[in-house]
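Novice: Below: one structure in structure tokens.
The values are calculated or read from the model by the stated rules, or taken from the named source; none is laboratory data. These numbers come from a predicted model, not from an experiment. Methodologically, a virtual Cβ is constructed for each residue, glycine included, from the backbone with ideal geometry; neighbour enumeration extends over all protein chains shown. Side chains included, ligands, DNA and RNA excluded: accessible areas come from the protein's heavy atoms. Shrake-Rupley method; radii C 1.70, N 1.55, O 1.52, S 1.80 Å.
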Amino acid sequence: MSVDSDGTEEPGWDVDPEDEQGVAVVAALGRQLKAWREAAGMRPADLGAAIQYGEDQVRKVEAGRRIPRPEYLDKADEVLRAGGRISAMKADMEQVRYPKKIRDLKRREGKAVEIGTYNNHNIYGLLQTEEYARALFRTSRPAYTADEMERMVSGRMARQSIFERSPAPALSFVQEEVTLRRPIGGTMVLRRQLEHLLEVIQLPNIEFQVMPTFREDHAGMEGLIELLKFADGSAVGRAEGAFHGRPVSDPKQLRILELRYGIIRAQALTPQESRAFIEQVLGET
């Protein structure tokens, strides 16, 4: 989140011009907000002062160049006496406030009845704490802007709503040992991340395994694997070391990814051994 020149916080996130859906939704919302403001006989500066945002930021939102935060809409609803109709737009903003690739991933995860992943560089996004995710994004080069960082972290946390689904999907995670030891963000960030893992993997629909470094035969040496299966029998998968890293849905290609993932799970520690391993690493951290 950035700060306007007059010291007030900007009311949201920049719109990605390549995100056609996001551009259309934010532009439509901006027109509605402008209509409500004009109907109330207020200038952009008047509304900005009333909701504690700068005039320039009000104009950006109304022009569809900024994605407003939920609190911005709530304040505008109250000041413009919209009776909840502006606040109701938060549902639309929820669909476009995150980068498109995150929205697409969240949508696929939301439909999946089974998800399996192998991760060798960092702890998988669905399992990350907010501070770990933020520290991880800070390692990117070139660095994300503050605005991009906020959207990426918010999007990653939003994906974790999958744990609240009913019926719950079957989730399987295999983490390379090094991902549980590398102190991304510092020792305390890692400790809290490990404590969070111990809580999450208690869920009955989750199988969590650790691939130990000492394993001589390792089917995951080519990198990350993700597999999502859906209720209609279809599936999609991706692996860093296969099919140029692109998502695939062809049954023949999926069988290759499923074969690799199955061998990885067989080579990894059992869920019970993996939990004990996390507890051991936590004690050493």
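Novice: Cβ-Cβ below 6 Å, separation at least six or inter-chain, first residue in the range 212-234 and closer than 24 Å to Gly110 by Cα and among the acidic types (Asp, Glu), second surrounded by 10 or more Cβ atoms within 10 Å (Cβ to Cβ) and modelled with pLDDT under 95: which pairs?
Specialist: Hits for this filter: Glu226/Arg238.
Novice: Could you list, in sequence order, all residues of the range 173-202 that are open to solvent by less than 10 Å² (accessible area, probe 1.4 Å) and either on the phi > 0 side of the Ramachandran plot or not in a helix (DSSP H, G or I) (or both)?
Specialist: Phe173, Val174, Gln175
Conditions (1) hydrophobic (A, V, I, L, M, F, W, C); (2) touching a residue at least 40 places away in the same chain (Cβ under 8 Å), marked per residue:
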| position | (1), (2) |
| --- | --- |
| Ala40 | yes, yes |
| Leu47 | yes, no |
| Tyr53 | no, yes |
| Arg59 | no, no |
| Arg69 | no, yes |
| Ala76 | yes, yes |
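Novice: Tell me, yes or no, whether the range 167-178 has at least one residue that is closer than 27 Å to Arg69 by Cβ, of a type in the set (Gly, Ala, Ser) and touching a Gly at 6+ places or on another chain (Cβ under 9 Å).
Specialist: no
Novice: Does the range 105-138 hold any residues that are open to solvent by less than 40 Å² (accessible area, probe 1.4 Å) and either at pLDDT below 85 or at positive phi (or both), and which are they?
Specialist: Of everything in the range 105-138, just one residue is open to solvent by less than 40 Å² (accessible area, probe 1.4 Å) and either at pLDDT below 85 or at positive phi (or both), namely Leu105.
Novice: Filtering the range 22-57 down to residues that are of a type in the set (S, T, N, Q) and outside any loop (DSSP other than H, G, I, E, B), which residue is most open to solvent (accessible area, probe 1.4 Å)?
Specialist: Per the criteria, the residue is Gln32.
Novice: Within 28 Å of Lys100 (Cβ to Cβ), in contact with a Phe, Trp or Tyr (Cβ under 9 Å, 6 or more places away or on another chain), open to solvent by less than 70 Å² (accessible area, probe 1.4 Å) and modelled with pLDDT of 95 or more - does that describe any residue in the range 210-219?
Specialist: No, there is no match, as no residue in the range 210-219 is within 28 Å of Lys100 (Cβ to Cβ), in contact with a Phe, Trp or Tyr (Cβ under 9 Å, 6 or more places away or on another chain), open to solvent by less than 70 Å² (accessible area, probe 1.4 Å) and modelled with pLDDT of 95 or more.
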